[in-house]
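Participant: Take this structure first; my questions come after.
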Amino acid sequence: MFTLPDLPYAYDALEPTISERTLHFHHDKHHGTYVKTVNELLEKAGKSPATLEEAIIGAAGDGEKGRKLFNNAAQAWNHAFFWNSMTPSPGAPGSDLAAAIETSFGDVKKLGETFVEKGAAHFGSGWVWLTVNVKGSLEIEATHDAQDMVTERGRAPLLVCDLWEHAYYLDYQNDRLKFLKTWFGALPNWAFAGQQFAAAMTGGRPWRHPVSMVAAA
């Protein structure tokens, strides 16, 4: 039903921060396995959701019965959002997002320090997010395991960094702090974050997981 979306850049485009080897393992193996498992679980259950967001919300509503589907679908969504949260040419936040950063954190440097601190202090696997709430205030929060932002209410994701060890172990071993410092200094996709911020503030359409040709048929 769903296909693994391509990376929005070449496998070696994020070097030296993230190696080509890591991206092949992370995208092709880890992310690919989540998508494959989602399809297998949906087929077994006789379900055909039109979008991955629909699959996540439906599985979350099934409680423990839908836990395995939720975990894999949410992880597939989180990974796709993560790829879009990075770019080889990060530039700087646009004016509206920059103003929100100044209000909430003071400046991008302070935002980065808080983002890195929150991610490094997170116990276990998960994700560290830059989000915006309904009042326009920016927040940084860490989530455990497959916890997502699709089922959350009152805030929208702007950027995310993967805290699972498979995201950085080949390049940084167990040094998550170094990974996060390097990541924030080199890869945040501020244009993408700005689009997400604008959508949240204006009621526009935020990023959605790509719909495969199979799912769209």
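Participant: Would it be correct to say that ALA100 is assigned by TED's automatic domain parsing to the domain that holds ALA146, in contact (Cβ under 8 Å) with a residue 40 or more places away in the chain and either crowded, with 18+ Cβ neighbours inside 10 Å or under 20 Å from the mean Cα position of the chain (by Cα) (or both)?
Facilitator: Judged against the criteria, ALA100 is a match.
Participant: Test each condition in (1) outside any helix (DSSP H, G or I); (2) surrounded by 18 or more Cβ atoms within 10 Å (Cβ to Cβ) for ALA76 and report the one that comes out false.
Facilitator: That leaves (1) as the condition not met.
Yes/no matrix, rows are residues, columns are (1) assigned by TED's automatic domain parsing to the domain that holds GLU53; (2) crowded, with 19+ Cβ neighbours inside 10 Å; (3) among the aliphatic types (A, V, I, L, M); (4) in contact with a strand residue (DSSP E or B) (Cβ under 9 Å, 6 or more places away or on another chain):
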site: ALA121; (1), (2), (3), (4): no, no, yes, yes
site: LEU158; (1), (2), (3), (4): no, yes, yes, yes
site: TYR168; (1), (2), (3), (4): no, yes, no, yes
site: PHE179; (1), (2), (3), (4): no, yes, no, yes
site: GLY185; (1), (2), (3), (4): no, no, no, no
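Participant: Further, regarding this structure: Pairs, please: C-beta under 9 Å, at least 6 apart or cross-chain, first residue without any contact (Cβ under 8 Å) to a residue 60 or more places away in the chain and among the hydrophobic types (A, V, I, L, M, F, W, C) and in segment 37-63, second in a loop (DSSP other than H, G, I, E, B) and surrounded by fewer than 17 Cβ atoms within 10 Å (Cβ to Cβ)?
Facilitator: Within 9 Å, the pairs are LEU41/LYS47; LEU42/SER48; ALA55/LYS47.
Participant: Restricting attention to segment 165-179, does a residue exist that is outside any helix (DSSP H, G or I), aromatic (Phe, Trp, Tyr) and touching a residue at least 40 places away in the same chain (Cβ under 8 Å)?
Facilitator: For segment 165-179, residues outside any helix (DSSP H, G or I), aromatic (Phe, Trp, Tyr) and touching a residue at least 40 places away in the same chain (Cβ under 8 Å): present.
The values are calculated or read from the model by the stated rules, or taken from the named source; none is laboratory data. Computed from a prediction, not measured in an experiment: that's the story for all the values here. A quick note on method: Cβ atoms are made from the backbone with ideal geometry, for glycine too, and the neighbour counts reach across all protein chains shown.
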